[in-house]
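Here, each number is a calculation from the coordinates, and none is a lab measurement. These numbers were taken from a predicted model, which means no experiment stands behind them. Using ideal geometry, Cβ is built from the backbone for each residue, glycine included, and neighbour counts are taken over all protein chains shown.
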Amino acid sequence: MAECIFCRIAAGDIPAQIVRRTPDVVAFRDLNPQAPIHVLVIPVQHHAAARDARGPEGEQLLGRLVSVAAEVASELGLDPPGYRIVTNTGRDGGQSVEHLHLHLLGGRALGWPPG
């Protein structure tokens with residue numbers, strides 16, 4: 001989708017601090033970090049939100065995103081201290097970009113409930 005900022009980042013049209021790129025996933029640093037380490041993990045192919053990742057293909061996609069997030073967390077030194085992986089869906093869920101993405105947060109103690 002030409003108007004989607006995350007699609008444009010995945011395509012390389014908008015610069016980002018990429019920490020991992022595979023043929024199907026891109027992980028990059030958030031421009032408005034909510035923790036010392038805040039990385040977004042997105043599928044290259046556009047999916048608006050987690051609700052669009054259903055069925056066997058959706059399970060495979062979500063599993064791939066979580067796997068890449070866990071690999072990046074280890075590479076950035078967040079494992080074993082700990083980290084959080086979050087996805088927001090819809091306006092009330094806090095989703096601000098309509099492209100499925102995971103937030104990888106760490107580098108400090110993360111309180112609960114999150115807000």
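Screening 51, 64, 29 for residues that are out of contact with any helix residue (DSSP H, G or I) (no Cβ under 8 Å at 6 or more places or on another chain), within 16 Å of residue 5 (Cβ to Cβ) and among the basic types (Lys, Arg) leaves exactly one candidate, 29.
In region 22-54, of all residues being among the β-branched types (Val, Ile, Thr) and in a loop (DSSP other than H, G, I, E, B), the one that is nearest to the chain's Cα centre (by Cα) corresponds to 44.
When you check residue 57 against the structure, is it outside any loop (DSSP other than H, G, I, E, B), free of Cβ contacts under 8 Å to residues at least 24 places away in the same chain and surrounded by fewer than 12 Cβ atoms within 10 Å (Cβ to Cβ), yes or no? So residue 57 passes the test. All conditions in (1) in contact (Cβ under 8 Å) with a residue 40 or more places away in the chain; (2) surrounded by fewer than 13 Cβ atoms within 10 Å (Cβ to Cβ) hold for residue 38, with the sole exception of (2). Looking at 97, 19, 66, 72, just one residue is part of a helix (DSSP H, G or I), in contact (Cβ under 8 Å) with a residue 40 or more places away in the chain and of a type outside the set (Ser, Thr, Tyr), and that residue is 72.
Have a look at 63, 111 and point out the one that is within 21 Å of residue 23 (Cα to Cα), exposed (fewer than 12 other Cβ atoms within 10 Å of the Cβ) and not aromatic (Phe, Trp, Tyr).
Exactly one residue qualifies, and that residue is 63.
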